[in-house]
Amino acid sequence: MSKNKIRVFSLLFVVFIALAATPQITSFPTGVGANGNAGCTCHSGGAGTTTIDVVGMPDSFTGGESYELQISISNPAIPGGELTANMGGFRLFASAGTFGAGENFTDLVQELEGGATHTELGNDVRDWVVIWTAPDSEGQIVDFTLHGNAVNGNAVGAGNGNTGDAWSTFEASVPGAAALGGGGALIEQAEPYEVAIAAISFGITLFSLMLVYVFYRNNPEGFNLNGLAAWLKKWLTTTDHKEVGTLYFVYSFLFLFIGMIFSLLFRIQLSVADNDFLTQDQYNSFFTLHGTTMIFLAAMPMIAAFANWIIPLQIGAKDLAFPRINAMGFWVLAFSSILLYGGVMSGEGADISWTMYAPYSSSGGEKGASAGTTLFVAGIVMLGMSSTLSGVNFIATIMAMRAPGVTWMKMPLFTWSAFVANAMLYISLPALIIGTVYLYLDRTIGTVFYTAASGGDPILWAHLFWFFGHPEVYVVIVPAFGIVSEVLATSAKRSIFGYRSMVYALAGIGVLGFVVWGHHMLTSGMDPTLRLIMMLTTMLVAIPTGVKIFNWLATLWGGSLVFKTHTLWSLGFLVTFTMGGISGMFFPVAGLDTHFHDTYFVVAHFHYVLVGGTIFGMFSAIYYWYPKATGRKLDEKLGLLHFVITFIGMNAVFWPMHQLGIEGMPRRYHTYSVDSWTELNSFITLSALIMGAAQFILAWNLIKSYKYGEESGKDPWGGWSLEWTTTSPPPTPSFHEIPTQGDANIDHHAYPESSGGLFSKMWKGSGSK
Amino acid sequence: MSYDDHDDHGHHGSWAPIIASLGTMIFLFGFSEANMGITAIGIVVLVWGMFTWWKDDLPFDGSEEMGELEAYGTPFGGMKIRKAGIWLFLMSEVMIFGSFFGAYIRMRSGWNTHWTLRDKAQEAIDTGVAGEGLTDIDSIVHACMTDKHKPLVADCNDATGGLVNETFWITDAGTPAYHHVAAEYITADFWTLLPGAINTFALILSSFTVVLALKAAKNADLEARVRDKKVRNYLAITLLLGTIFLILKLWEWNHLIHDYDFTISTLAGSFFYVTTGAHGIHVFIGLIFITYFIYKAHIGGWDPNNAQSIEYYGLYWHFVDLAWVIIFPAFYLY
């Protein structure tokens, strides 16, 4: 089968799966359908606020014995007091045993098709007594399902009572005496904490095994413990920028999956209305860790990984400016995750979301954040240290170690973007460090920075956090801009359109990023004048971003595009990032923000820019620079499959969230009670599971291609920045002799094979000099 | 582990980063769990990591193999790269202290309080409980603030019809608690102000002795033994002055806590102790470094080729000095 056919078929396959899956997602009935077995024989309707109480349900049953179950229903919205008829009904099922009416209740309760229900007369009351006779075999667990209905009494007569119904369901499991100890063990539902921890431990075990395997494959003959120790020592003590970059990459990739596990767990919780898969505490700490993990432990380390690997190669430096400080930056980050996750392991995970809003986060006890929050905040302080250490390194390297010829205006755009991002991070980070130190001291030694009751100022936290937080979200997107610029230019076989405007746009975003933080706080009661200012500055950000989008499009316009996997990711980036950028323009408008604030519209927006922007950019970079790091290309077929599923999955997950947000579904809530949201939410959850599964394709691709990938040589894609002039993988130190970068405009006659061809074309098409 | 273990010049492994990071983690873990044993272990591991780092550095002779590269191109062309790094690090420090001051100024300007006050004033107008003749927000706020800087509880209570009362301000003697800043106590008389004044001079003087040490270390005309002795003595004076600074500061804290009951349980106290404490930690870290420098001078480790390390240290020390020059008036005098 030809390559194209495989691509077409895999595309069709995914579309088919998506189409096949969609119609099956219907809302889960939490009430009772119209058919007899699912409840009352005459009514149907949606779930209501009805409470069902059952007294007399035994902890365990003895074979053949009868138990008296007193059922009563109540509903504050439909009080039964003034009603005389048509007050309520019930339908009770058990997986084993038989039913009968309780004493004095024979005219109210009847046995029907193996279960119990009320009689016509029993329709007029809200309390019934049912006799359940246990089965003879004690080695089983009996499941009870009870549907109860509070009726408003107005709709008299069968068949048209649908309007006044409020259904709800009660479930219980009763084990037989023999099922309790020994015999058939009682199967309990696994705790989501345990699921998460088991999945993470399993992942880490697999990961360690993989490390040993990688070591083994490197040198099968020399495989022994001493050799392994020496190999581990090399990685633990390394200061080489490429090896530290690899450490960053492996670390971030691991945490990308851990963050994904959390998101899938709470997506399952959100798939249907009134779900209780996760408790509220679990839900809170899971979304907290999802956000923090994805931003600080996945996205930023992955950016640091590429910055470590590529910056010295692109500017012709032997290594970073301060190799040991660079290694220190990584290890501080690595150990910080132990503090961040310490709480979850003990069941007291931080539940303050990645924004850590005071005063909830600064107080403990019943009304405050959980106990693990202190450790979590300490972890954030360590993250701040780590980013400061790596930031000083990257900035110093780019400012001071560019090879001759690599002037500011001839620096590759990825290096430019890394410079802007690190400068932003470096300037904004101290605000976060100080903010979290205040928070940490509030929680440990008892200062009162955020404690309003002692004259503290909770809004101060929001200011300090968002003064860091908004530049931070640009810190994770700007390097993706750089990557996309590199990838699109290389794939279009020309230089980037409007290099200078690209640089100025990057710098403009870098400056504007510092004066827009107030738009996160428009609803915090800030001064209307400031609201207006922040609204205008935020809207200004669209201008440099728009310049970049149009430059990328112009690059494609004048080029001859080659579709490699990294190209696809960058094109996908253009689509999804633009949509995310447009939905972002809704928030600075203070009036609209009041409506959208803290709804799923916000979630949709920032996932479009973080997944569709940052992650797509990073994936593009993985496929683009993997050959440079390993000397082998990634598998293009697997890459295509990965891209198609992830692209469709990403849109399927986050696009419906716009609608949910507009309809008012609040974010950060454990569950919801609006049935009409169930359909979209189930669809989102299913798509998320598919998209999550697709990421294993990438993991497999990375492992497989390391050994079996196609050899790439120095320059597999036809790129012309300095990193493609060195071998793949590059030597250590990365350049034995510091290279000198020329200018293709001036020097192109020095490359006879390209005169009149690629080079002249690419520089003609360039907007820069 | 030293550089000699490796043949490969470009690739110097070091255990220091991972040990120091582990120490930081254990320290923060112990402190978070209020477990002083684990905290102490963390400090020990951190110090161990630092010693490992310095052991790697001790033979530093100012050569390129040891990491002293020269910068190329705009803007640092010709400067040593470590110096550029120190300047960049100081930029981060400026933002650190900028955040301290930003938060502090927010408290002193009463910005947040004013907004809350305006909300309450609006509420008083809406519910019709505002004081007689007060019909708009500004006039109520104005009535509250008869003393320009210090809203008085009694006045506000009347102007807002009791909406802004004692519990609103969390007050102890009529004025809002946050207004009892450290300066009120420190400037009370000459003897409480004296330690701060001495500290200011001690710190400025210590900046001067660092420069003298650098000048001595760079002097190629001096005999090696004399030079080492001079460097050591000047650095020792710096260490002494820095120690005086810390001792006086702790004495002063003690005084404020015990004689004036000025503690971290008020916002102003939190700001005062955390900001001056953060500055004190900077001084303390500087003193640790300078102890190592004195040791290196003692064993004859300085010569004009590697004396720039003292200069880089001096940049940091001058910054700490400068930060104090701003902290002193902001927290002690005003």
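If I ask for residues that are open to solvent by 50 Å² or more (accessible area, probe 1.4 Å) and more than 9 Å from chain A (Cβ to nearest Cβ), which ones from region B:41-57 would you list? Within region B:41-57, B:Ile41, B:Ile43, B:Val44, B:Leu46, B:Val47, B:Trp48, B:Met50, B:Phe51, B:Lys55 meet the criteria. Condition check: modelled with pLDDT of 95 or more, of a type outside the set (Asp, Glu) and over 22 Å from A:Trp517 (Cβ atoms). Does A:Ala418 satisfy that? The answer is yes for A:Ala418. Among residues of region A:481-505 that are without any contact (Cβ under 8 Å) to a residue 40 or more places away in the chain, none has a Cβ under 7 angstrom from a residue that is in a helix (DSSP H, G or I) at a sequence gap of 6+ or on a separate chain. Filtering region A:382-402 to residues that are within 7 Å of another protein chain (Cβ to nearest Cβ) and in a helix (DSSP H, G or I) leaves A:Met382, A:Thr388, A:Val392, A:Ile395, A:Ala396, A:Met399, A:Ala400.
Here the condition is being without any contact (Cβ under 8 Å) to a residue 40 or more places away in the chain and farther than 23 Å from A:Ser353 by Cα; of A:Gly617, A:Gly591, it holds for A:Gly591 alone.
Quick one: which residue in B:Leu235, B:Leu214, B:Leu239, B:Leu248 is open to solvent by less than 70 Å² (accessible area, probe 1.4 Å), touching a residue at least 24 places away in the same chain (Cβ under 8 Å), away from every other protein chain (no Cβ under 14 Å) and within 30 Å of A:Ser454 (Cα to Cα)? Exactly one residue qualifies, and that residue is B:Leu248.
Table: residues versus (1) over 29 Å from A:Phe616 (Cα atoms); (2) more than 10 Å from chain B (Cβ to nearest Cβ); (3) surrounded by fewer than 24 Cβ atoms within 10 Å (Cβ to Cβ).
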site	(1), (2), (3)
A:Val332	no, no, no
A:Ser337	no, no, yes
A:Thr355	no, yes, yes
A:Ala371	yes, no, yes
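Would you confirm, using the coordinates I've provided, whether A:Thr279 is closer than 22 Å to A:Asp351 by Cα and buried (at least 22 other Cβ atoms within 10 Å of the Cβ)? The answer is no for A:Thr279.
Scanning region A:442-501 for residues that are part of a loop (DSSP other than H, G, I, E, B) and within 14 Å of chain B (Cβ to nearest Cβ) yields A:Ile445, A:Gly446, A:Thr447, A:Val448, A:Phe449, A:Tyr450, A:Thr451, A:Gly455, A:Gly456, A:Asp457. Note on region A:304-330: residues that are open to solvent by less than 10 Å² (accessible area, probe 1.4 Å), of a type outside the set (S, T, N, Q) and in contact with a His (Cβ under 6 Å, 6 or more places away or on another chain) amount to 2.
Inside region A:403-412, can you point out the residues that are within 23 Å of A:Ala621 (Cα to Cα) and open to solvent by 10 Å² or more (accessible area, probe 1.4 Å)?
A:Trp408, A:Met409, A:Lys410, A:Pro412
For region B:91-109, how many residues are of a type in the set (A, V, I, L, M) and either out of contact with any Leu (no Cβ under 8 Å at 6 or more places or on another chain) or surrounded by fewer than 18 Cβ atoms within 10 Å (Cβ to Cβ) (or both)? Matching residues across region B:91-109 total 4. All of A:Phe616, A:Phe587 fail the test of being within 23 Å of A:Gln314 (Cβ to Cβ), out of contact with any strand residue (DSSP E or B) (no Cβ under 6 Å at 6 or more places or on another chain), assigned by TED's automatic domain parsing to the domain that holds A:Gly513 and crowded, with 17+ Cβ neighbours inside 10 Å, apart from A:Phe616. The helices (runs of 4 or more DSSP H) found entirely in region B:137-232 that carry 3 or more residues being at pLDDT 80 or above and polar (S, T, N, Q) are B:190-218.
For region B:260-273, give me the residue count where each residue is in contact (Cβ under 8 Å) with a residue 24 or more places away in the chain and in a helix (DSSP H, G or I). Step through it out loud before you land on a result.
Let us first name the residues in region B:260-273 that are in contact (Cβ under 8 Å) with a residue 24 or more places away in the chain, namely B:260, B:262, B:266-269, B:271-272.
Right, trim to in a helix (DSSP H, G or I) and you get B:260, B:267-269, B:271-272.
Selection size over region B:260-273: 6.
Screening A:Tyr426 on (1) surrounded by 24 or more Cβ atoms within 10 Å (Cβ to Cβ); (2) closer than 30 Å to A:Ile352 by Cβ; (3) at the interface with chain B (Cβ under 10 Å from one of its Cβ atoms) shows it passes everything except condition (1). When restricted to residues that are open to solvent by less than 20 Å² (accessible area, probe 1.4 Å) and either under 17 Å from A:Met401 (Cα atoms) or at pLDDT below 80 (or both), region A:704-750 contains 6. A:Ser263 satisfies every condition listed in (1) more than 30 Å from A:Ser734 (Cα to Cα); (2) outside any helix (DSSP H, G or I); (3) touching a helix residue (DSSP H, G or I) at 6+ places or on another chain (Cβ under 6 Å) except (2). If the condition is being polar (S, T, N, Q), in a helix (DSSP H, G or I) and surrounded by fewer than 17 Cβ atoms within 10 Å (Cβ to Cβ), then region A:647-703 contributes A:Gln659, A:Ser676.
Pairs meeting the criteria (first residue in region B:21-39 and facing chain A (nearest Cβ under 10 Å), second residue in a helix (DSSP H, G or I) and of a type in the set (D, E, K, R), beta carbons under 9 Å, at least 6 apart or on different chains) are B:Ser32/A:Arg443.
The values are calculated or read from the model by the stated rules, or taken from the named source; none is laboratory data. Bear in mind the structure is a predicted one, so any value in this text is a computation, not a measurement. No Cβ is skipped: glycine too gets one built from the backbone with ideal geometry, and neighbour counts run over all protein chains shown. Accessible surface areas use protein heavy atoms only, side chains included; no ligands, DNA or RNA. Shrake-Rupley method; radii C 1.70, N 1.55, O 1.52, S 1.80 Å.
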